[in-house]
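Trainee: Submitted below is the structure of interest, expressed as structure tokens.
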Amino acid sequence: MQMMLQLAQLMEHAGTLIAVFDPEDRLRFANRAFRAAWFIEDDEEPLWSDLMRRNYHARRGTIVETANFETWLHTTQARRGKSGFRAFETDLHDGRWLWMAETMQPNGWMLCVASDISSIRPDERSLRQDRDIAIKASQTDELTGLPSRRYVMGKLGELVCSAGGGEQDVGCLAVLDIDNFKYINDRFGHGIGDAVLRDFGVTLQRHVRKTDILGRVGGEEFLLILPNTTMEDAEAIVQRMLVAVRHSRPVPEQASFRYTFSAGLAWVTRGDDPGAVYRRADLALYAAKMRGRDQISIEIQPDRRLGSTIAATSE
């Protein structure tokens, strides 16, 4: 107990900025330096999104250079917490430049530690910022703001190579495809089609957990990686997404316009080939389309000797 109290005191008075966020991305601990930098009261436990939103409008805390904060927030949340460890640089309105490291636990808890690196030369600082912007652009789908195919497939590869021995399920993969998207483009025009794609990304992102990864892989097809998730839980998450999209209205001037999507779910097994997992989920998606769309199909957990088949559909 004495050691824990000493550790708490050391963190509270450290010059380094320290914070802990829970799986819902709510602040659960922040030391004095972190609270001061982001204007957090001692008894507050705000969601990260609410913290960033209020500081953006007050022009304090992190400098966010964007004309549309909600779009920036959507893009940032699609990438936040998707790696076991991530380090990046950020500017504060008070003139400081911070090096921030985020360490994620498999259960969704995140440790944030930031150090002041304002003393680095301005020219080197600019070079590093340009590098970070270029990396982010290469890993982001321009239209939806979600991670790109390259990024998502890379994360799927990391999942199947996760530590441990033997063939063990490490999560699920969903392939999501907007129904009748060609008809939408042909009937209403590509402007409406783009609005549907953007709405789809925003609507689904509201139901994505911090440890999940949602990205656009091309056209109207999206991938959802659900690490450390049972098939039952994965199906429940995608089912909530189906309902949310049915109720979405992406074209305000056409209140009657609505759309749906179909989904195929597959198990992800340690040591599996990412392309093979993708193909199995895609076959399940095809079954959902053939059965009438706006529903989920799930592969039967594959026998390693016999391959896999498609199980019942969930509407």
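Here, each number is a calculation from the coordinates, and none is a lab measurement. Keep in mind the model is a prediction, meaning the values are calculated, not measured. Positions of Cβ are backbone-derived with ideal geometry, glycine not excepted, and every protein chain shown enters the neighbour counts.
Trainee: For labels at Met3 and Ile135 in the simple 7 Å Cα→Cβ model, what's the distance in nm?
Mentor: Output for this residue pair reads 3.5 nm.
Trainee: How large is the charge dipole for the stretch 2-138, taken about the Cα centre, if only the Cβ atoms of Lys, Arg (+1) and Asp, Glu (-1) carry charge, to the nearest 20 debye?
Mentor: 340
Trainee: Just tell me which lysines come within less than 28 Å, Cα to Cα, of Lys210; anything on the same chain fewer than 8 places away is out.
Mentor: Lys82, Lys136, Lys155
Trainee: Could you point to the residue in Ile135, Gly108, Phe29 farthest towards the positive end of the stretch 2-138's charge dipole, with +1 and -1 charges on the Cβ of Lys/Arg and Asp/Glu respectively?
Mentor: The listed residue farthest towards the positive side: Ile135.
Trainee: Order these peptides, 174-183, 69-78, 50-59, by their mean beta-carbon neighbour count within 10 angstrom, highest first.
Mentor: Final packing ranking: 174-183, 69-78, 50-59.
Trainee: Relative contact order for the chain: what is it in percent, counting Cα pairs under 8 Å that are at least 6 residues apart?
Mentor: With pairs under 8 Å counted, the relative contact order is 14 percent.
Trainee: Quick one: which residues, 5+ away or cross-chain, put their amide H under 5 Å from the amide H of Val217? H built at 1.01 Å from N.
Mentor: It is Phe222, Leu223, by chain and number.
Trainee: Sort 35-45, 231-241 by packing, meaning the average of other beta carbons within 10 Å per residue, with the highest value first.
Mentor: Result, highest mean Cβ count within 10 Å first: 231-241, 35-45.
Trainee: Per 10 Å bin from zero, what fraction in whole % of the C-alpha pairs of the chain is there, up to the bin with the longest pair?
Mentor: Going out from 0 Å in 10 Å bins, the chain shows 5, 24, 30, 23, 14, 4, 0 percent.
Trainee: Continuing with this model, one more query. By per-residue mean of other Cβ atoms within 10 Å, what is the highest-first order of 19-27, 279-287?
Mentor: Listed from highest to lowest mean packing, they are 279-287, 19-27.
Trainee: Given Cβ point charges of +1 (Lys, Arg) and -1 (Asp, Glu) and nothing else, what value in debye, to the nearest 20, does the dipole of the chain about its Cα centre take?
Mentor: It works out to roughly 380 debye.
Trainee: Hey, another quick one. Of His207, His57, Phe222, which is farthest towards the positive pole of the chain's charge dipole, taken about the Cα centre with +1 and -1 on the beta-carbons of Lys, Arg and Asp, Glu respectively?
Mentor: Phe222
Trainee: Continuing with the same structure: May I ask for log10 I(q)/I(0) of the stretch 149-314 at q = 0.12, 0.18 Å⁻¹, from a Debye sum over the Cα atoms as equal point scatterers with solvent left out?
Mentor: -0.51, -1.08
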